[in-house]
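Data first, discussion second: the structure below is written as structure tokens.
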Amino acid sequence: MKGKADVIVVSQTPTEALEREWAEHDIAKDVRLIAGQELGTKTEHLQFSAAGKYPSEKILMIGDAPGDLQAARSNGALFYPINPGDEEASWKRFYDEALGRFFSRAYAGEYEAQLVKEFDACLPEKPSWRDH
């Protein structure tokens, strides 16, 4: 993606931990910004970094939680899900298929809708923490 897109990391993890981990794995150099919880919500991160700078079909949020999908939708961005319990296959599909579709503008619409449908099916109807 580097060289073709402005890549940022947005997370609810503390910024210090994100920067340390991304540096440890020598991938911090591949992103323009690492934004942790101290810098705002994911919705705010997308709004500040992309809204008004890029057309919505050129903004893609990758996430593994319903809040990530909500942040993308709140900003008119596309969404690529990392399916809980199937993370490795999700990242492989992103690399092998979805990223190319995104860059060729064949991502929005039916393709994205199918991915979101699969994502929704992976989510529990009642989270385990609600039982307690």
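The values are calculated or read from the model by the stated rules, or taken from the named source; none is laboratory data. Note that the structure is predicted; figures quoted are calculated from it, not measured. Every residue, glycine among them, receives a Cβ derived from its backbone with ideal geometry; neighbour counts consider all protein chains shown. Quick note on the areas: whole protein, heavy atoms, side chains included, nothing else; ligands and nucleic acids left out. Shrake-Rupley method; radii C 1.70, N 1.55, O 1.52, S 1.80 Å.
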For this session: Give the residues of the range 25-60 that are at negative phi, assigned to a loop (DSSP other than H, G, I, E, B) and not hydrophobic (A, V, I, L, M, F, W, C), sorted by residue number.
Result: His25, Arg32, Gly36, Thr41, Lys53, Pro55
Problem set entry | Residue check for Ala113: assigned to a helix (DSSP H, G or I) and open to solvent by less than 70 Å² (accessible area, probe 1.4 Å) | yes
Exercise. Which of the residues belonging to the range 61-87 are open to solvent by less than 20 Å² (accessible area, probe 1.4 Å) and either among the β-branched types (Val, Ile, Thr) or assigned to a helix (DSSP H, G or I) (or both)?
Worked result: Asp68, Ala71, Ala72, Ile82
For this session: Would you confirm whether any residue within the range 21-33 is under 21 Å from Leu123 (Cβ atoms) and out of contact with any Ser or Thr (no Cβ under 8 Å at 6 or more places or on another chain)?
Result: no
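Here's the yes/no breakdown for (1) in contact with a Leu (Cβ under 6 Å, 6 or more places away or on another chain); (2) farther than 23 Å from Pro66 by Cα:
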{"residue": "Ala5", "(1), (2)": "no, yes"}
{"residue": "Leu18", "(1), (2)": "no, no"}
{"residue": "Ala23", "(1), (2)": "no, yes"}
{"residue": "Leu33", "(1), (2)": "no, no"}
{"residue": "Gly36", "(1), (2)": "yes, no"}
{"residue": "Leu39", "(1), (2)": "no, no"}
{"residue": "Glu44", "(1), (2)": "no, no"}
